[in-house]
Amino acid sequence: MTKNAEVVRVLKEMALLLQVQGADPFKAQAYQRGVRSITSLGEDIAAIAARDELTDIPGIGKGLAEVIKDYLDDGQVEKLNELRTRVPIQVMELDAIPGVGPRTMKLVYDKLGVTDLESLERAADEGLLEDLPGLGKKTQEQILRGIAVAKSGMGRTLLADGLLDAEAIVTKLRKLEDVKRIDITGSSRRRRETIGDIDILVDAEVSGTIMETFVGIEGVADVLAHGDTKSSIRLQSNLQVDLRVVTSDSYGAGLQYFTGSVDHNVKLRALAQKKNLRLNEYGLFKGEKKIAGDDEEGIYKTLGMDWIPPELREDQGEIEAAQEGTLPKLIEMKDIRGDLHSHTDQSDGKNTIEEMLDAAQKKGYEYYCVSDHTQSLTIANGMDEARLLKRIDEIDDLNSSGRWKMKILKGAEVDILKNGELDIKDEVLAQLDIVTVSIHSRMKDSKEMMTERVCEALRNRYAHILGHPTGRLLLKRPEFEIDLQQVFEMAVENNVIMELNAHPQRLDLNPGNLRIAKRLGLKVAINTDAHWTDELDHMRFGVYQARRGWIERDDVINTMSLKSMLKAIKK
């Protein structure tokens with residue numbers, strides 16, 4: 001497992017402790033920026049440190065680099081220990097509670113001696129918070145609900161789950177006469193893998209009916225705020241939704257501002273200042289005169305750059321590319337011509353092959369690959385050689401039936417064994433159109449063992465795609481330890497495609513990995529790994545993730561025609 005998550009936790013704790021102590025805000029902001037930069041990395045930070053290249057990471061200066069090196073060297077950071085001694089508050093534990101920030105942490109510590117979740121819950125149960133300045137009874141109730149959320153581990157939500165709620169709310173509000181424009185903003189619009197809350201922006205002159213409809217929408221567990229320009233609710237899923245209403249002349253500026261990210265916005269505002277302009281959520285100003293703000297395009301154009309797709313707004317070079325006119329032409333859903341990884345009830349899927357094919361044909365695909373698990377994955381009823389050969393004959397018959405216009409491709413998701421061999425004989429693999437090789441076992445192997453194991457599998461002449469390359473499950477299981485740089489180089493050498501697994505809980509590879517793969521010239525296959533018909537709809541989440549990784553249509557093999565795609569994977 002990489003050290004990235006551990007380093008992020010250290011820097012985040014230091015930022016929180018500095019804020020609680022009331023230290024120079026710029027110090028805390030530096031640590032927060034370091035957290036955001038490392039979170040977006042596509043490489044193990046320990047490997048970067050070993051090359052002495054930490055300060056090459058955006059947002060990592062010499063001071064943060066020293067902190068990171070200290071932690072990587074011996075698992076301790078002297079500065080962090082000093083901060084903990086000065087303020088004995090479990091800031092990371094309290095930070096997991098929605099609505100509890102550094103200011104509240106300091107207040108309840110100074111007044112009540114609260115240091116952790118348990119003592120905060122006890123104080124709230126006893127009604128001690130409502131008498132504190134700036135809190136009150138309603139805030140006390142909100143904190144108790146937030147504690148329940150933190151205990152249930154629901155502080156973050158998968159993008160797919162959050163978008164379902166957000167899109168349902170937007171659909172409802174869009175029907176209102178007073179709504180001119182409406183958009184989901186924040187991390188959801190940037191298509192982050194997980195989100196903390198949902199932000200929605202509305203263009204309207206009159207907001208009363210909009211706000212009343214919003215706070216009364218189905219599924220609301222609690223109304224946190226109800227105003228003329230901003231309201232907040234908590235859904236029964238524990239997800240918080242914030243709604244803001246602005247007028248038309250500020251809608252573009254609001255959309256840009258509330259979409260973020262923080263780092264992207266900070267750099268954009270700095271660029272505006274260099275031009276003697278002022279940028280905020282209300283518009284772009286020259287003196288007191290508003291010169292842009294009704295649409296996003298005008299904001300970026302006036303600042304001397306192309307409009308930047310929301311998925312790229314993470315201060316990872318997108319502003320410079322927009323200034324130079326070199327932004328990538330990102331892949332779109334309409335570019336996808338097929339799905340190369342899916343399952344049926346012959347392994348661990350829920351639908352028959354015919355049902356999966358019917359659902360795929362409704363997508364308008366040119367081709368579709370059926371790739372059930374193989375024999376080593378007994379828990380998934382994996383196929384042995386005999387069953388796989390029977391499936392090959394079955395697909396030949398299905399292709400000949402004329403029932404489906406698309407080409408049905410013969411495939412399998414083949415297990416990579418502990419020594420790197422595949423669990424199906426080569427003479428059977430040779431009869432398949434698409435062979436996806438994947439890790440499903442021994443995920444705690446050492447980095448060296450896992451890397452060599454995967455590289456050995458990629459040397460097989462029949463391996464076409466490496467499935468879900470890091471094995472992660474968002475909010476459940478971290479990536480296994482593997483040297484992806486070495487794996488990518490082996491894939492280039494053996495013409496193996498990298499899968500971008502579109503399942504919302506995988507989204508594997510991450511954006512940093514994708515940018516490295518693109519730089520090395522590797523092709524990507526965006527696949528749903530669907531186990532039932534509804535999961536074919538997950539393709540859009542794979543496309544969102546690809547866009548975050550700067551991926552273009554020509555980087556993806558399943559945007560190609562059938563003939564070109566089969567030629568591209570040929571050994």
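Throughout, read-outs are computed from the coordinates displayed, never taken from laboratory work. None of the values given here were measured: they were computed from a predicted structure. For neighbour counting, all protein chains shown are included, and Cβ atoms are generated from backbone atoms with ideal geometry for every residue, glycine included.
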- Query: List the trypsin sites (Lys or Arg not before Pro) in region 247-339 that DSSP assigns to loop (not H, G, I, E or B) and whose Cβ has at most 15 other Cβ atoms within 10 Å. Which are they?
  - Reply: Lys275, Lys329
- Query: When DSSP assigns beta bridges and you keep just the ones with both residues in region 396-491, what percent turn out antiparallel, to the nearest 5?
  - Reply: 20
- Message: Give me the extension gain from Asn280 to Ser237: residue separation times 0.36 nm, minus the current Cα-Cα distance, reported in nm with one decimal.
- Response: 12.3 nm
- May I ask what percent, to the nearest 5, of DSSP beta bridges between residues of region 157-246 are antiparallel? 70
- Task: Only one of the values (1) 142; (2) 168; (3) 131 was calculated from this structure for volume of the Cα convex hull per residue in Å³; name its label.
- Result: (2)
- Query: Of Leu201, Asn238, Ala221, which is farthest on the positive side of the dipole of region 187-292, counting Cα position, with +1 on Lys and Arg Cβ, -1 on Asp and Glu Cβ, and the Cα centre as origin?
  - Reply: Leu201
- Query: Hey, got the dipole for region 1-51? About the Cα centre, +1 on K and R Cβ, -1 on D and E Cβ, debye to the nearest 20?
  - Reply: 80
- How many angstrom lie between the C-alpha centres of region 302-321 and region 133-208? 25
- Task: Could you name the lysines whose alpha carbon sits less than 19 Å from that of Lys12, not counting residues in the same chain fewer than 8 places away?
- Result: Lys3, Lys27, Lys62, Lys69, Lys79, Lys106
- Query: Put +1 on the Cβ of every Lys and Arg and -1 on every Asp and Glu Cβ in the chain; which of Cys455, Gly287, Met406 then has its Cα farthest towards the positive end of the dipole?
  - Reply: Gly287
- Across every pair of different alpha-carbon atoms, what Kirkwood hydrodynamic radius in Å does region 266-324 reach? 11.6
- Note down the magnitude of the dipole of the chain about its Cα centre, charges +1 on Lys and Arg C-beta and -1 on Asp and Glu C-beta and zero elsewhere, to the nearest 20 debye. 1220
- Task: Show that you can apply the helix-only estimate: for the chain, add -39,500 (n - 2.57) for every DSSP H stretch of four or more residues, divide by all residues, and state [θ] at 222 nm to the nearest 500.
- Result: -13000 deg cm²/dmol
- Note on the structure: When Phe26, Phe480, Phe214 are arranged by how many other beta-carbons sit within 10 Å of their Cβ, fewest first, they go Phe26, Phe480, Phe214
- Message: Over the Cα atoms of region 1-87, what radius of gyration and what Dmax do you get, in Å?
- Response: 12.2, 35
- Item | GluC sites (Glu not before Pro) within region 143-224: DSSP coil, no more than 15 neighbouring Cβ in 10 Å | Glu177, Glu205, Glu218
- Item | Dipole moment magnitude, nearest 20 debye, region 157-246 about Cα centre, only Lys, Arg, Asp, Glu C-beta charged | 280
- Task: Could you give me the percent of Cα pairs per 5 Å distance bin for region 376-471, shortest bin first, beginning at zero and ending with the bin that holds the maximum distance?
- Result: 2, 13, 23, 21, 17, 11, 7, 3, 2, 1
- Extended-chain gain in nm, criterion 0.36 nm per residue less alpha-carbon gap, Lys137 and Asp537: 139.6 nm
- Note on the structure: Kirkwood radius from Cα pairs of region 130-250 plugged into Stokes-Einstein at 4 °C, 1.567 mPa s, gives D in µm²/s equal to 86
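Efficiency by 1/(1 + (r/R0)^6): what FRET value for Asp116 and Asp74, r their Cβ-Cβ distance, R0 = 22 Å, to the nearest 0.05?
Efficiency at R0 = 22 Å is approximately 0.25.
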- Query: Is region 177-240 rounded, prolate or oblate when judged by the Cα gyration tensor, a ≥ b ≥ c being the square roots of its eigenvalues, rounded requiring a/c under 1.5 and prolate requiring a/b larger than b/c?
  - Reply: oblate
- Compactness relative to 2.2 N^0.38 Å, alpha carbon Rg of region 449-559: 1.00
- Query: Can you give me the relative contact order of the chain as a percent, contacts being Cα pairs under 8 Å and 6 or more apart?
  - Reply: 10
- Length gained when the stretch Trp404-Leu389 is fully extended (0.36 nm per residue, less Cα-Cα span): 3.3 nm
- Query: Roughly what % of DSSP beta bridges within the chain run antiparallel, to the nearest 5?
  - Reply: 45
- Taking Rh as the Kirkwood radius computed over alpha-carbon pairs of region 237-279 and applying Stokes-Einstein at 10 °C with viscosity 1.306 mPa s, one gets a diffusion coefficient in µm² s⁻¹ of 132
- Distance in Å, no decimals, from the C-alpha centre of region 211-250 to the one of region 499-571 is 35
- Note on the structure: Residues Phe541, Phe285 in order from fewest to most other beta-carbon atoms within 10 Å are Phe285, Phe541
- Show which lysines lie in cross-link reach of Lys172 when reach means a straight Cα distance below 29 angstrom and same-chain residues fewer than eight apart are skipped. Lys138, Lys180, Lys230, Lys334, Lys362, Lys363
- Message: As a footprinting exposure proxy, order Ile97, Ile395 by other Cβ within 10 Å, with the fewest listed first.
- Response: Ile395, Ile97
- Note on the structure: For the Lys329, Thr85 Cβ pair and Förster radius 60 Å, calculated FRET efficiency rounded to 0.05 is 0.70
